[in-house]
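**Q** My questions all concern the structure below.
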Amino acid sequence: LFETFLNATMRGEALGQYFTPRSIVLLGTLMADLQVSDQHIDKVLDASCGTGGFLIEALTIMRNIVRNNNSLSRDSKEKLIERISNESIFGIDAASEPNIARIARINMYLHGDGGSHIYYGDGLQKSIEVDKSDDRLIQRETQDMKENIIFNNFDVVLTNPPFSMWYEKENEAQLKILDEYELFRVKGTTETRNRLRGSALFIERYYNLLRPGGKLISVIDETVLSSGQYSFLRDFIRERFIIKAIISL
C-alpha cells in the first residue's frame, strides 16, 4: 500500500525515478543468494534505493533464512535478526523534494526496521565530506555514511539506477563527481567525455564498493547494453565482472 499509493508528484521525475515492480525486486533478490550465518552476514547496498524495495526484500529473505534455521536457538535467532537489521542493510537516495530517503526509512520501519543506514545523498559521490554548515543531525548522518560507504565493504548490490539522470562536464558540481571516475576518461587518450549517464557511473561505483567476489544485480537500460556509443562501458564490465546472466524483459 505504502508504495502503490505514492502519487506521481512524489516520484522525483527530474531524476527519472520510478519504483521497481515487486516481481522484479523479488527475482533480483532471490538471484543474489543472500548468505546469513553465525560466521557471516552479507552486507547489502542499494545506492539509488528509492523507497527501499530491494532492501526490504533482502531484509525479509535474510530474516526468513534465520527463522528457518533449526540449528539455531531462539536467542541466537533474535541476535542474528538484530544484526541483519542494524548492520547489514544500506541505502542512499538523492531525491530531495520529497526526501525519498526519509520515506524509505519509514517504509523499512513498517516492514520491521533495517532503516538505520538509509542516507540522503548522492550515491555516486566518492569523496563524502561532512558540511559543517548543515544541522547536527545531517552532519551525523553524513559522517555515518562516510564511515560505511567505503571501498570493498559490500557483498551484494541490488539496484535499479535512474536511467535519465546525466552528469555533465559543464556543471561544476557534477564535474567534481565525474573527475573521480575512470569512465569519464577516454581510454588511451588525455581526453574526457562531455557527459555520462548516472546509470553508467553507478557500475564503476559498485565495482569499487563491492568486495572481491561480491555480486551486482542491477537493472540496466538497453542503451548501455546495445548502442555503439556505450561500447567502452561494455568493455569495462567485461574486464571487471564475471557476467552470470542477462535477463531481457
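**Q** Using 0.36 nm per residue of separation minus the Cα-Cα distance, give me the extension gain between LYS79 and PHE19 in nm, one decimal.
**A** This chain segment gains 18.4 nm when fully extended.
**Q** Where does the chain land at 222 nm, in deg cm²/dmol rounded to the nearest 500, when only DSSP H runs of n ≥ 4 count, each adding -39500 (n - 2.57), divided by all residues?
**A** That comes out to -11500 deg cm²/dmol.
**Q** Between ARG140 and SER96, how high is the FRET efficiency from 1/(1 + (r/R0)^6) when r is the Cβ-Cβ distance and R₀ = 30 Å? Nearest 0.05.
**A** Computed FRET efficiency for ARG140 and SER96: 0.95.
**Q** Just to confirm my numbers, what's the Cα centroid distance between segment 19-95 and segment 131-180 in Å?
**A** Using only Cα atoms, the two centres lie 22 Å from each other.
**Q** Show me the GluC sites (Glu not before Pro) within segment 134-226 that DSSP assigns to loop and that have at most 11 other Cβ atoms within 10 Å of their Cβ.
**A** GLU170, GLU191
**Q** Given R₀ = 45 Å, FRET efficiency for GLU191-ASP38 by Cβ-Cβ distance, to 0.05?
**A** 0.30
**Q** Which three numbers, in whole Å and largest first, are the semi-axes of the equivalent ellipsoid of the chain derived from its Cα gyration tensor as √(5λ)?
**A** Whole-Å semi-axes of the equivalent ellipsoid: 30, 21, 18.
**Q** Let me ask something additional. Expressed as a whole percentage, what fraction of the accessible surface of segment 24-147 belongs to carbon and sulfur atoms when a 1.4 Å probe is rolled over the protein heavy atoms?
**A** 47
**Q** Going by average Cβ density within 10 Å per residue, which order do the peptides 104-113, 84-93, 22-31 take, highest to lowest?
**A** 84-93, 104-113, 22-31
**Q** For the chain, what does the accessible surface come to per residue with a 1.4 Å probe? Please give it in Å².
**A** Accessible area per residue: 55 Å².
**Q** Let me ask something additional. Can you sort LYS169, LYS126 by solvent-accessible area, 1.4 Å probe, largest first?
**A** Largest accessible area first, the residues go LYS169, LYS126.
**Q** Just reorder ARG74, ARG195, ARG211 by solvent-accessible area, largest first, 1.4 Å probe, all chains present.
**A** Largest accessible area first, the residues go ARG74, ARG195, ARG211.
**Q** Between GLU147 and ASN86, what is the FRET efficiency for a Förster distance of 25 Å, r being their Cβ-Cβ separation, to the nearest 0.05?
**A** For R0 = 25 Å, the calculated efficiency reads 0.95.
**Q** Apply the a/c threshold of 1.5 to the C-alpha gyration tensor of segment 126-249 and tell me whether it is rounded, prolate or oblate.
**A** Oblate is the answer for segment 126-249, as a/c is 1.5 or above yet b/c matches or exceeds a/b.
**Q** Given axes a ≥ b ≥ c from the Cα gyration tensor, I'd like to know whether segment 99-158 is rounded (a/c under 1.5), prolate (a/b larger than b/c) or oblate.
**A** Oblate, because a/c is 1.5 or more while a/b does not exceed b/c.
**Q** Find, among the chymotrypsin sites (Phe, Trp or Tyr not before Pro) in segment 135-173, those assigned to loop by DSSP (not H, G, I, E, B) with at most 14 other beta-carbon atoms within 10 angstrom.
**A** PHE151
**Q** Filter the cross-link list LYS79/LYS126; LYS43/LYS126; LYS43/LYS244 down to pairs whose alpha-carbon distance in this structure exceeds 27 Å.
**A** Result: LYS79/LYS126 exceed 27 Å.
**Q** Stretched out fully, how many nm does the piece from LEU26 to ASN69 gain, at 0.36 nm a residue minus the Cα gap?
**A** 13.4 nm
The values are calculated or read from the model by the stated rules, or taken from the named source; none is laboratory data. These numbers come from a predicted model, not from an experiment. We place every Cβ from the backbone using ideal geometry, glycine too, and count neighbours over all the protein chains shown. The accessibility values were calculated without ligands, DNA or RNA, using every heavy atom of the protein model including side chains. Shrake-Rupley method; radii C 1.70, N 1.55, O 1.52, S 1.80 Å.
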